[in-house]
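A quick write-up on the structure given underneath.
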Amino acid sequence: MSNTFQISPGVQQRMGRVQPLLIDGEWREAQGGATTDVYGPSCGSVISKAASASDADTELAVAAARRSFDSGVWTGMTPAARAKILWKVADLLEAYSAEIAELEMLDAGKFYSSAKEGEVPFAAECFRYYAGWCTKIEGTTKQISTVPGQDFHVYTQREAVGVAALIVPWNGPLVQAAWKIAPALAAGCSCILKPAAETPLSTVRLGEILIEAGVPAGVFNLLLGDGPGVGQALAAHPDVDKISFTGSTQVGKRIVNAAQGNLKKVSLELGGKSPIVIFDDANIEEAIVGAAQAIFSNAGQVCVAGSRLYVQASVYEQVVTGIADIAKQMRVGASTDPEHNMGPLISEKHLNAVSKMIDQGVAEGGVIVTGGGRLELGGGYFVEPTVFSDVNHSMSIVKDEVFGPVLVAMPFTESDDIVALANDSEYGLAASVWTQDIGKAHKTAAAIRAGLLWINCHGIPDMAVPFGGYKQSGWGRENGYEALLQYTELKSVVAKL
Ligand code: NAD
C-alpha cells in the first residue's frame, strides 16, 4: 500500500475487526461465524474481514424489518419527525466525512479527495433531499360519475410499501446505498440493505450513523455476504414487499425471477453501453475533455460511462487523438496516492474480465489506439485507459458492457443514421450529444432511447433528476420524487356520505 496516505488510527482499528451485521438494532457476527476477506483494490491484499450472513441471519433481518414495520414505530412517527432524523443522518455523514472517505478509498478504490468532496457530500445531500419529501407525500381527491345522485368523498393516499430489500453494487457503495435508503425511509418503509461483498466498509459506518441519528431498531438492517446467497434469499423472500436492485443486467433478470413467488414490487438499475455523439459543430475541445472524463472517471466503473463514441467524420481524427492523448497522460495507480488520477478496478476477477474483453476486441479486429494492457503496480488491479478504433456493431467490445476504462470510437457521416446507431444496443441507460446547434441537440436527445440524456456534458447527476434506464438498463427510477413513489403503494378510498 502507498506510504503517501497515513491511515487514521480509527480506520485502522475499524478495519482490524470483522465487519458486523446489523439486525434489529444489534451489531452481531454471522450465525455460524462465517466471514469473507475484504480486499483493497489498490494493494490487492486483505484489508478487513466481513461477516457472511447465513440463511438464518437473513430470516432474522427480514423478521426484524417486518416487526418494526407492523409496529408502526417508523410509519407512525410524524413525517416531520422522520424528516428530522434523515436530516441528522446528513449532518453526521458530513461530520464523519474524513473517516468515511478513507474507508471508501481503501475499500472501493476511490480517491480520498473525490470521496471527501464528492461521494460523501452527495450521499448527505441525498438524505437532505428525501428529508424534505417526508412532509410532502400526498394523495389527491377525485370526483366520480358512476353513481349519480349520491354524495361521495373520494381520495387517494400513498402508503409505505412495507419491507424493502435494497441490493447495491461495489462501484459507488455509499452513494448507491444512500439513493435507496433515503427514499425508502422517507416513504416509511423498513429495510434490509445488502452491499456488494467487495465493499462493506462504508456501509457499516452508514449503518452506525443511521442508528446514531435515531432510526429505530429493526427499521434499518444490514446483511453482508454474497449475492447468490444473501441477495437471492432476499429477492425470493415471501415477507419482503419490495426489492430495489442496482447491478448487472444479468443479475437483474435473476432478481425478477426470484421475485415472482410473492410478486414483490421490483425496481432495477442495471447496466449500460452509453453512446456519446459528437457532431462537427460542437465545441471540440470541450467535447474531447468531456468524452475522456465520461469513460475514464472511476476507471470506467460507472453505469453511465460513455463507452461508445460516435464522432462526425470531419473531426473524428482530432477527437480520437485528443482523447488518446488524455489517456496517455493519465497517472494510473493506487487511489491512496493523490498523485494518481485513475485508480484501480475493484477486484482481480473484474480485472481478468476486463482484460479478456480487451483481448477479444483485438481478436475480432478492433485496433487499439492507446492502452490495452494490465499494469503491475504494487499488487493492485490496474488496467491502462484504452481507446479502440476500427470497430463495428458486430463486435462484442461494441455491444457488451466492459465496466472499465475502455472506449470504442466510430466515425459517422451525414449519410449514417446516427440515432439508429446510438440506439443499436440492448441497453438504454444514458447518452450525451455534443453540438452547438440547439435544434439538432434536442431532436437527437429526443430520439435516443435512454433514460438520461446530457447535452454538451456527460454524467452530471442531481438528486432532483430521475436516474434510470430504458430497455435492458432497468425498471423504474432512482432520485427525484419518482424514486420516492417506488417505495409507496397507492390506495384509493371511495366513501359514500
Ligand atoms: P452484480 O449484478 O454482480 O452485483 C450487484 C449486487 O447484486 C451485489 O450486491 C451482489 O452481491 C448482488 N448479487 C449478485 N448476484 C445476485 C443474485 N443472484 N441475487 C441477488 N443479488 C445478487 O453487479 P456488480 O458487478 O456488483 O456491479 C456492476 C454492474 O452494476 C454493472 O453492470 C453496472 O452497470 C451496474 N450498475 C448500474 C447502475 C445504475 O444505476 N443503473 C449503477 C451502478 C452499477
Q.
Distance cut-off 29 Å, Cα to Cα: go down the list Lys88/Lys136; Lys180/Lys356; Lys136/Lys471 and report the pairs above it.
A. Lys180/Lys356; Lys136/Lys471
(Q) Just the number please: accessible area per residue for region 11-270, 1.4 Å probe, all protein chains included, in Å². (A) 37
Q: Determine the percent antiparallel among the DSSP beta bridges restricted to the chain, to the nearest 5.
A: 45
Q) Roughly how tilted is helix 348-363, in degrees to the nearest 10 and between 0 and 90, from the longest Cα axis of the chain? A) 40
(Q) Whole angstrom only: what separates the Cα centroid of region 296-347 from the Cα centroid of region 1-60? (A) 31
Q. Roughly how tilted is helix 438-447, in degrees to the nearest 10 and between 0 and 90, from the longest Cα axis of the chain?
A. 60
Q. If only Cα atoms are counted, what is the Rg of region 42-197, and what is its Dmax, in Å?
A. 19.9, 76
**Q.** Added length on full extension, which subtracts the Cα-Cα distance from 0.36 nm per residue, Ala447 to Glu414
**A.** 10.2 nm
Q) Given the Cα-Cα distance of Asp37 and Ser8 and 0.36 nm per residue of separation, how much length would full extension add, in nm? A) 8.3 nm
Q | Ordering of 352-363, 229-240 by burial proxy (mean other Cβ atoms within 10 Å per residue, highest first) | A | 229-240, 352-363
Q) When ligands, DNA and RNA are left out and all protein chains stay put, how many square angstrom of accessible area per residue does region 274-462 have with a 1.4 Å probe? A) 40
Q: Arrange the peptides 326-338, 366-378, 268-280 so that the one whose residues have, on average, the most other Cβ atoms within 10 Å appears first.
A: 268-280, 326-338, 366-378
(Q) For a quick check of your reading of the filter: which trypsin sites (Lys or Arg not before Pro) in region 102-201 sit in a DSSP loop and have no more than 16 other Cβ atoms within 10 Å? (A) Lys136
Q) Using the alpha-carbon centroid of each, what span in Å lies between region 400-471 and region 136-203? A) 29
Q. Taking region 11-270, how much of its Cα-Cα pair set, in percent, is spaced more than 29 angstrom apart?
A. 30
Q: Using only C-alpha atoms and all pairs of different ones, pull out the Kirkwood radius for region 274-462 in Å with one decimal.
A: 16.5
(Q) Taking a cut-off of 18 Å, what percent of all Cα-Cα pairs in region 156-278 are separated by more than that? (A) 51
Q: Be a star and scan region 355-395 for residues whose amide nitrogen sits under 14 Å from the point 7 Å along the Cα-to-Cβ vector of Glu339.
A: 378
Q: Sum up the charges of everything whose Cβ sits under 11 Å from the Cβ of Gln176, counting Lys and Arg as +1 and Asp and Glu as -1, but leave Gln176 out.
A: -2
Q) Within straight cross-link reach of Lys328, meaning Cα distance under 13 Å, which aspartates and glutamates are found once same-chain residues fewer than 8 apart are removed? A) Glu384
Q. Using a probe of 1.4 angstrom, how much of the accessible area of region 11-270 is carbon and sulfur, in percent?
A. 52
Q.
Please compute, over every Cα-Cα pair in the chain, the percentage with a separation greater than 42 angstrom.
A. 19
Q) On a 0 to 90 degree scale, rounded to 10, what angle separates helix 313-329 from the longest Cα axis of the chain? A) 80
Q) What's the local net charge at Val240, with K and R +1, D and E -1, over the other residues with C-beta under 10 Å away? A) +2
**Q.** Exposure of Ser492 as accessible area (Å², to 10), given a probe of 1.4 Å and all protein chains
**A.** 80
Q: May I ask you to give the percent of accessible area on region 274-462 that is carbon plus sulfur, with a probe radius of 1.4 Å?
A: 51
(Q) What does the charge count around His350 come to, taking other residues whose C-beta lies under 11 Å from its C-beta (Lys +1, Arg +1, Asp -1, Glu -1)? (A) 0
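The values are calculated or read from the model by the stated rules, or taken from the named source; none is laboratory data. In this text the structure is predicted, and so the values were computed from the model without any measurement. For neighbour counting, all protein chains shown are included, and Cβ atoms are generated from backbone atoms with ideal geometry for every residue, glycine included. With ligands, DNA and RNA removed, areas are computed over all heavy atoms of the protein, side chains included. Shrake-Rupley method; radii C 1.70, N 1.55, O 1.52, S 1.80 Å.
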